[in-house]
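Some notes on the structure that comes next.
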Amino acid sequence: MSVVHPVATVANGGAPGSTGGDGTNHKLDVSIWRGGKNGRFVSYGITLRESQTVLDVVTYIQRHVDSTLSYRFSCRVGMCGSCAMTVNGVSRWTCRTHVSEVVKDGRLEIAPLSGLEVVKDLSVDMTGFFEKWTRAKGAFVPGPGPSRDFAVVSPDSPQRRKVDAAIECIGCGVCYAACDVVSWNDDYLGPAALNRAWTLYNDVRDAGNDKRLAAVAGNVGCLSCHSQQSCVKWCPKHLNPTASIAGLKRATVKAALAGRL
Amino acid sequence: MAKPVARRNCRNHSNYWAFAVHRISGVVLVLYLPVHFYVIGLAIKSEAALQSFFSLAENPLVRLAETILIITFVIHVTGGLRLLLIEFLAWRDWQKTVIAVSGGISLAVGLVFLFNVF
């Protein structure tokens, strides 16, 4: 069900600077999910501005049209990972997504991330997402005894390179929301948590790999991944969780063959 | 679990399509298996029964169906090999190439079969 917001349709009609790239006014029809999981889309008509991001649009509507709109953001520059939403059917970080890249026929549909409980409007409860990082043993485990000196890890070592390739995750949840397996299996740890486990698996200082491999093997872990690669396709940091998960699959097979799993 | 609201377009990329084709070809092959076992069962029953069934294969429509079956089978095999490459070799960014090669092999085998039966 979709309704047109009665105030929004006349809002920002002649705001200064409200022009498209060619100097003409461009109306944007924005449908935003309102309410909880049984909510509905509400339409807002606003004027598209030059170089506007999707987060700018949501912020404009919240500040000038309907102050009861709930959403989450923090840094606005692609570092914190808190502003991810579903935009025209695709999970995206909204602060670095320009409207011009994703608008279709003058329409934007903005919904909360999939696979997570909707708190209200565009805000989702990320608790389940981060609990799965814990379940995947996504915390560093120090070795026995106090360390006497800094660990020396060569940037060129194969393990450090594997960590480098996967470490820049900002925890935005885009991969998690885009993954079919997450939607099929509530307990599946998801691409981000498994990617985190892979970085620690390759950390030469870490001493928790036996428990970590046991945690990420099996039906809720890496062996459930179908390599659909929606996580790779949509990761805003251009990481490759499927490659990390494939690494975990090989590691679990090796551990099982060696009788350690 | 919240109801997935609107992530419908996340799936529109080549690797997802490769997954979908692999899954559908697998389902088709499973549905075909009872026919396969039935025909093998005929051989145990009597030679005449088997030959009588084979005479159906003279029908061009049956030959066409066989060709589609062969293509489905090769699609599933090459799709499975593609997954093994992804998951058991060190990662390479050659995914689209592997998908294209899988599709190409499937069509080529199907065409060879088609030329042989007609």
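Scanning region A:46-75 for residues that are modelled with pLDDT under 95 and not aliphatic (A, V, I, L, M) yields A:Thr47, A:Arg49, A:Glu50, A:Ser51. Taken over region B:47-84, the criterion of being under 30 Å from A:Ser224 (Cβ atoms) and among the basic types (Lys, Arg) is satisfied by B:Arg82 alone. Checked against (1) free of Cβ contacts under 8 Å to residues at least 12 places away in the same chain; (2) closer than 28 Å to A:Ser91 by Cα, B:Gln95 passes all but a single condition, namely (1). Within region A:20-33, does at least one residue satisfy the condition of being surrounded by fewer than 22 Cβ atoms within 10 Å (Cβ to Cβ), over 19 Å from the mean Cα position of the chain (by Cα), modelled with pLDDT of 95 or more and within 14 Å of chain B (Cβ to nearest Cβ)? For region A:20-33, residues surrounded by fewer than 22 Cβ atoms within 10 Å (Cβ to Cβ), over 19 Å from the mean Cα position of the chain (by Cα), modelled with pLDDT of 95 or more and within 14 Å of chain B (Cβ to nearest Cβ): present.
The set of residues from region A:85-107 being within 13 Å of chain B (Cβ to nearest Cβ) and either within 15 Å of A:Ile32 (Cβ to Cβ) or touching an Asp or Glu at 6+ places or on another chain (Cβ under 9 Å) (or both) comprises A:Met85, A:Thr86, A:Val87, A:Asn88, A:Gly89, A:Arg92, A:Val102, A:Arg107.
Within region A:230-261, the set of residues being in contact (Cβ under 8 Å) with a residue 40 or more places away in the chain and outside any helix (DSSP H, G or I) comprises A:Cys235, A:Pro236, A:Lys237, A:Leu239, A:Asn240, A:Arg260, A:Leu261.
When the helices (runs of 4 or more DSSP H) confined to region B:1-110 are screened for residues that are over 13 Å from the mean Cα position of the chain (by Cα), within 14 Å of chain A (Cβ to nearest Cβ) and over 30 Å from A:Lys37 (Cβ atoms), those reaching at least 1 such residues are found at B:14-45, B:60-88. Hey, among the residues in region A:186-236 that are of a type in the set (Asp, Glu) and surrounded by fewer than 18 Cβ atoms within 10 Å (Cβ to Cβ), which one's nearest to the other protein chains (Cβ to nearest Cβ)? Once the filter is applied, the top-ranked residue is A:Asp186.
Hey, any hits in region A:144-158 for a residue that's at negative phi, within 14 Å of chain B (Cβ to nearest Cβ), surrounded by fewer than 24 Cβ atoms within 10 Å (Cβ to Cβ) and not in a loop (DSSP other than H, G, I, E, B)? Yes. Consider region A:67-90 and keep the residues that are touching a residue at least 24 places away in the same chain (Cβ under 8 Å), crowded, with 17+ Cβ neighbours inside 10 Å and out of contact with any Ser or Thr (no Cβ under 7 Å at 6 or more places or on another chain). The one that is farthest from A:Val42 (Cα to Cα) is A:Gly81.
Within region B:80-89, is there a residue that is at pLDDT 85 or above, surrounded by 12 or more Cβ atoms within 10 Å (Cβ to Cβ) and touching a Gly at 6+ places or on another chain (Cβ under 7 Å)? No, because not a single residue in region B:80-89 is at pLDDT 85 or above, surrounded by 12 or more Cβ atoms within 10 Å (Cβ to Cβ) and touching a Gly at 6+ places or on another chain (Cβ under 7 Å).
The values are calculated or read from the model by the stated rules, or taken from the named source; none is laboratory data. This one's a predicted model, so the numbers in the text were calculated from it and none came from an experiment. Neighbour counts are summed over all protein chains in view; Cβ atoms, including those assigned to glycine, are modelled from backbone coordinates with ideal geometry.
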